[in-house]
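The values are calculated or read from the model by the stated rules, or taken from the named source; none is laboratory data. Keep in mind the model is a prediction, meaning the values are calculated, not measured. Don't worry about glycine lacking a Cβ; one is built from the backbone with ideal geometry, like all the others, and counts go over all protein chains shown.
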Amino acid sequence: MKREDLMRVYEPKEGLEMRVKNVLNSLEEKPVRRMNVRRAAALAACMLMLVTACAGAAGLLFSDEYDAVRLAHRALAEEYGITEEMQTYFAQDVREENGVTTIVFSGMTGLHHVLGEYTVTIRDGDATVSWSKDGESTEGDLEAHAWGARQLEILLEMAKQENGFSRGYHKAQEIRAQMDGDELTVSITKGGDATVVKLDDAQIDQARISVSEKEAIAIAKRAFAQEYGLTQAQLDAMIYEKDYAGYTYAIREGKTICEVWFWLHQDEDVVHADGDGLYWARINAESGVVEEMMYDSALAGNG
């Protein structure tokens with residue numbers, strides 16, 4: 001096999017370049033008879049396996065819990081048209097029991113009576129979605145007693161124009177007044193977060209940490225780019241909010257984690273540009289796995 005033959009099978013990647021160059025140099029211009037077809041095919045297969053393995057190692061790793069959340073987001077968008085930008089109006093609660101993951105999106109306080117709850121159940125990689133207001137009419141825009149994707153589009157547009165959601169909130173209260181004579185059931189299922197023990201500087205030095213804060217920031221930004229389609233310019237414009245949650249490193253459910261938060265506001269003359277909002281990621285400080293992350297457009301006044 002000549003050098004140009006192997007180059008068609010494999011292009012050197014970062015980290016393997018020297019090893020591959022040595023192999024190529026050893027093959028350069030040598031007679032074909034010294035490597036029969038079987039041997040050439042075997043070498044090509046080995047090289048491709050090596051490339052594939054290294055590509056996987058270089059990629060991002062996500063926890064099983066976050067994989068379930070990603071699936072829930074897709075299912076919510078496909079079944080009900082609820083995008084991640086719209087999720088600013090919901091609280092999210094994730095629970096796992098006996099191999100079944102349940103993610104509940106509960107309408108925020110003051111809007112819960114019109115937004116209700118979306119429940120996504122994931123079993124064996126399949127997601128089923130239901131809405132507490134299934135069967136209720138969403139006709140009439142904000143006059144409806146059930147607010148779905150159409151109403152959330154209106155709320156987002158108003159918020160982008162007004163830098164707030166006061167009109168939508170007041171409208172929701174008017175509807176609540178109209179519903180006073182009806183039997184009104186409000187079921188908030190969001191539970192408390194897992195126990196988090198924040199680490200001070202001395203404890204951080206002694207903890208099992210192999211991912212620095214700088215590395216966690218880089219991992220988070222790569223994840224944001226992959227999941228939310230952010231450009232390099234948007235990533236560069238992000239403002240890192242150190243200790244936004246009151247800590248950076250902590251012990252959560254027995255794992256040492258690093259939490260990093262960012263604000264993105266791209267144009268001072270525009271209330272809300274595409275992609276603006278609050279971004280957050282929880283990185284496993286031992287393995288570098290993305291345990292969880294979130295984007296909140298902040299158009300509901302969150303943050």
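Total residues in segment 64-81 satisfying the condition of being part of a loop (DSSP other than H, G, I, E, B) and either under 14 Å from Val104 (Cα atoms) or not assigned by TED's automatic domain parsing to the domain that holds Val100 (or both): the figure is 0. Tyr295 meets all of the listed conditions (1) within 19 Å of the chain's Cα centre (by Cα); (2) assigned to a loop (DSSP other than H, G, I, E, B); (3) closer than 30 Å to Lys133 by Cα but one, namely (2).
Conditions tested, residue by residue: (1) within 15 Å of the chain's Cα centre (by Cα); (2) farther than 19 Å from Glu291 by Cβ; (3) surrounded by fewer than 17 Cβ atoms within 10 Å (Cβ to Cβ).
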position: Leu61; (1), (2), (3): yes, no, yes
position: Ala72; (1), (2), (3): yes, no, no
position: Leu76; (1), (2), (3): yes, yes, no
position: Gly81; (1), (2), (3): no, yes, yes
position: Phe90; (1), (2), (3): no, yes, no
position: Arg95; (1), (2), (3): no, no, yes
position: Ile103; (1), (2), (3): yes, no, no
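Give segment 102-132 a look and list any residue that's small (Gly, Ala, Ser) and either part of a strand (DSSP E or B) or in contact (Cβ under 8 Å) with a residue 60 or more places away in the chain (or both), or say none. Passing the criteria: Ser106, Gly107, Gly110, Ala127, Ser130. For the subset of segment 142-159 comprising residues that are crowded, with 16+ Cβ neighbours inside 10 Å and not aliphatic (A, V, I, L, M), which member is modelled with the lowest pLDDT? Checked segment 142-159; the qualifying residue modelled with the lowest pLDDT is His145.
Of everything listed in (1) aliphatic (A, V, I, L, M); (2) within 25 Å of Asp205 (Cβ to Cβ); (3) at pLDDT below 90, the single unmet condition for Val260 is (3).
Quick check on segment 279-288. Is at least one of its residues among the acidic types (Asp, Glu) and within 27 Å of His112 (Cβ to Cβ)? No, there is no match, as no residue in segment 279-288 is among the acidic types (Asp, Glu) and within 27 Å of His112 (Cβ to Cβ). Residue count for segment 257-278, restricted to those that are more than 13 Å from Ala218 (Cα to Cα) and either in contact with a Leu (Cβ under 7 Å, 6 or more places away or on another chain) or assigned to a strand (DSSP E or B) (or both): 8.
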